[in-house]
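A.B. asks: Let me give you the structure first, and then I'll get to my questions.
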Amino acid sequence: MLAELRPKAQITIPREIIVKLGLSEGDTFDIFEKDGMICIMPVVAYPKKYLDELRDEIGALKSKLASGEQPVFDNVDALFDRLEAE
């Protein structure tokens, strides 16, 4: 697919790529040059508070796993058996 550089250094991403990647207006991209190519990668930015809360939850879960407080299952069926028994 070809795209033309427009005024204000803009290009249009072909519709089929937009649809295939599930992109929408307002999405953020990392644009960089590598070996003479222009690379455009979609990125997701999360608020710092969300990432801090997620880090805390993961830390708590790791502690529970280490202490044996959090059960570990060998497969999904064992998990569902445990849930049905409760």
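Each reported figure results from applying straightforward, stated rules to the coordinates on display, with no laboratory input. Every value quoted in this text rests on a predicted model; they were computed, and no experiment measured them. Methodologically, a virtual Cβ is constructed for each residue, glycine included, from the backbone with ideal geometry; neighbour enumeration extends over all protein chains shown.
A.B. asks: Based on Cβ point charges of +1 for Lys and Arg and -1 for Asp and Glu, what charge dipole magnitude is obtained for the chain about its Cα centre, in debye rounded to the nearest 20?
C.D. replies: Details: 11 positive and 17 negative charges, 114 e Å.
For this selection, approximately 540 debye.
A.B. asks: Could you go through the stretch 26-33 in sequence order and give the Karplus-derived ³J(HN,Hα) for each residue, using 6.51 cos²θ - 1.76 cosθ + 1.60 with θ = phi - 60°, rounded to whole Hz, and x for Gly and Pro?
C.D. replies: x, 4, 10, 10, 9, 10, 8, 9
A.B. asks: Whole-Hz ³J(HN,Hα) for each residue in the stretch 70-86, computed from phi via Karplus 6.51 cos²θ - 1.76 cosθ + 1.60 with θ = phi - 60°, x for glycine and proline: what do you get?
C.D. replies: Going residue by residue, I get 9, x, 10, 10, 6, 7, 5, 4, 5, 4, 5, 4, 5, 5, 5, 6, 7 Hz, with x marking Gly and Pro.
A.B. asks: Let me ask you something else. To the nearest µm²/s, what D does Stokes-Einstein give for the chain at 37 °C and 0.692 mPa s, using the Kirkwood radius over alpha carbon pairs as Rh? All intermediate terms of the calculation are to be shown ahead of the outcome.
C.D. replies: Details: Rh = 18.1 Å.
Estimated via Stokes-Einstein, D reaches 181 µm²/s.
A.B. asks: Provide, for the chain, the number of lysine pairs with alpha carbons under 26 Å apart, each pair being eight or more places apart or on different chains.
C.D. replies: Values: 8/34; 20/34; 48/62; 48/64; 49/62; 49/64.
Taking the chain as the scope, the lysine pair count is 6.
A.B. asks: Putting +1 on Lys and Arg Cβ atoms and -1 on Asp and Glu Cβ atoms, find which of 11, 54, 42 reaches farthest to the positive end of the dipole of the chain.
C.D. replies: Of the listed residues, the answer is 11.
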